[in-house]
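Worksheet: the structure to be examined is printed underneath.
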Amino acid sequence: MQNKILAVLKTLFIVLSIGVLLISNSALFMLAFVVVYILLVVRTIMTPGRRKMRRYLVLAYSGILVAQLVMIETVLQSGTEIGVPEFIFRRVLGLILMCLPILVGRFVASVKYTHYYLPPTDEAFGIGISELLNTAVSEIKNKAEFLGESKKKLCFENVSAFAMDLKRHNPFRYVNQESLPDEYFTSARKNFDDPNIYIIISKTGSPPSEILSVFTQKQYNHASLSFDKKLQTTISYNGGEKVYSPGLNIELLEFFRKSPDAKLMVYSLPCTAAQKEKMLARIEKINREGSAYNILGFSVKNRKKKPNIMYCTQFIYSMLDDAGLAYFADNGKIKPTDLVELDYYRKLKFELEITFG
C-alpha cells in the first residue's frame, strides 16, 4: 500500500513538473507550490520522530510557500512582451522553487539520521571509548547549532526580502551601465604608486548573504577589490542597494554595514602600476558596455555573448587574471573565501580587520 502511495505521489510530482515547464502560468505555479506543500506537511506529520523537529519543519515549509507565492507576483509573472531567455528562465526558476522544499526536507532528514559508526577493529584499540563518545557528542552539537543558525538565516524576513529583490535582476542582459563616475577613475589612478592591490572579503549580514551562508557554511560571502588601503576606491559586483542597478558598482564602507556583526577582512597583493592600469582599463570597458549581477551563480559563467554578467568573485578573479596576478586556478565555482583559502603560495598579506559593532 505504501509503495502504491509513493508511486502516485511521484507521478503527481512529474505531471506538475512538466506542467510548470510547458505551461507556466500563475495558476499552475500556485497549484504546484501548494500541492507540494500539502504533500510534504502530511508526510512530516505522519513520520515518527520528535514533535519539535516536525513542528520546525512544517514552519520551514510554510515560510518557503509564502516566499514562493511572493515570487509568483514579483518574478514568475509573464509580461505581454518577453524574450526567449527570460521565458526559459522563469520556467526553470519555477521548477527550482517547486523542488526547494523537497531539498530542505531531504537535508534535514540527512542531518537528523546521521549515524556514527565505530572504526575498524584494528583501529578501535587505539581509540578510547570516551574519545568516541566525545566526538559523537561534538558532532551532534555542531549539527544542532548549524540547524539553529540556518533557521534564523532562512527566516521569513530574509527570504521575502531576497525574493522581492529578484525582480531587479536579469541574468541574460545588461541592466547596469555608466554607473561609475569619472571621479572614481581619477581617484583610482592617484593610487597607482601604492605597490599593492587590495582584496576584501566581507560578512555584511544582508538577506542574500545570510541565505547564501547556509549553503556555503562560510561567514564571508562577498568579495571586493580596492586600489587603495583606505578602501576609498572599493568596487565589486553587487545588487546596487536598491539605488543603483545590479552589476558593477562602487562600495563605500557604509555598504558593508548591514548588521551589528558585519566585518571586513582586508588583504594586500603586490601589484605594479602597469597591472593596475590594465585592471582599470577593463573596469572602464565594463562600465561603458554594461553589466549585470549573475544571480544564478555557478550555473551561468563564461558567457561569450554577455561576458560582463558576473558575481563578485567571478569579477575579482577575472581582474586578477587579466593583470597576470591570479594565484590559483579558476574551477568555475569560486567562493569569496577561496580567495584566501586557495592562496597556497602565500601571495596575500593580511592587512586589517574592520568591524562595525
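Take the conditions touching a Leu at 6+ places or on another chain (Cβ under 9 Å), charged (D, E, K, R), under 26 Å from D193 (Cβ atoms) and surrounded by fewer than 17 Cβ atoms within 10 Å (Cβ to Cβ) and apply them to K285. Does it pass? Spelling it out, it is not the case that K285 is touching a Leu at 6+ places or on another chain (Cβ under 9 Å), charged (D, E, K, R), under 26 Å from D193 (Cβ atoms) and surrounded by fewer than 17 Cβ atoms within 10 Å (Cβ to Cβ). Residues that are in a loop (DSSP other than H, G, I, E, B) and charged (D, E, K, R) were ranked within segment 231-261; the one that is surrounded by the most Cβ atoms within 10 Å (Cβ to Cβ) is E251.
Go through segment 262-300 and count every residue that is closer than 20 Å to T186 by Cα and in a helix (DSSP H, G or I). So the answer is 17. The residues in segment 23-75 that are among the hydrophobic types (A, V, I, L, M, F, W, C) and either over 23 Å from the mean Cα position of the chain (by Cα) or not assigned by TED's automatic domain parsing to the domain that holds P101 (or both) can be counted, and the count is 19.
In segment 306-341, how many are of a type in the set (A, V, I, L, M) and modelled with pLDDT of 95 or more?
Quick first cut of segment 306-341, residues of a type in the set (A, V, I, L, M) only: 309-310, 316, 319-320, 323, 325-326, 329, 334, 339-340.
After this cut, where a residue has to be modelled with pLDDT of 95 or more as well, the list is 316, 319-320, 323, 325-326, 339-340.
Of the residues in segment 306-341, 8 are of a type in the set (A, V, I, L, M) and modelled with pLDDT of 95 or more.
If you filter segment 156-189 down to residues that are in contact with a Pro (Cβ under 9 Å, 6 or more places away or on another chain) and part of a helix (DSSP H, G or I), you find that the one that is surrounded by the fewest Cβ atoms within 10 Å (Cβ to Cβ) is E157. Yes or no: segment 207-230 includes at least one residue that is in a loop (DSSP other than H, G, I, E, B), out of contact with any Pro (no Cβ under 7 Å at 6 or more places or on another chain) and crowded, with 23+ Cβ neighbours inside 10 Å. Within segment 207-230, one or more residues are in a loop (DSSP other than H, G, I, E, B), out of contact with any Pro (no Cβ under 7 Å at 6 or more places or on another chain) and crowded, with 23+ Cβ neighbours inside 10 Å.
The values are calculated or read from the model by the stated rules, or taken from the named source; none is laboratory data. What you are looking at is a predicted structure, and each value in this text was computed from that prediction instead of being measured. Every residue, glycine among them, receives a Cβ derived from its backbone with ideal geometry; neighbour counts consider all protein chains shown.
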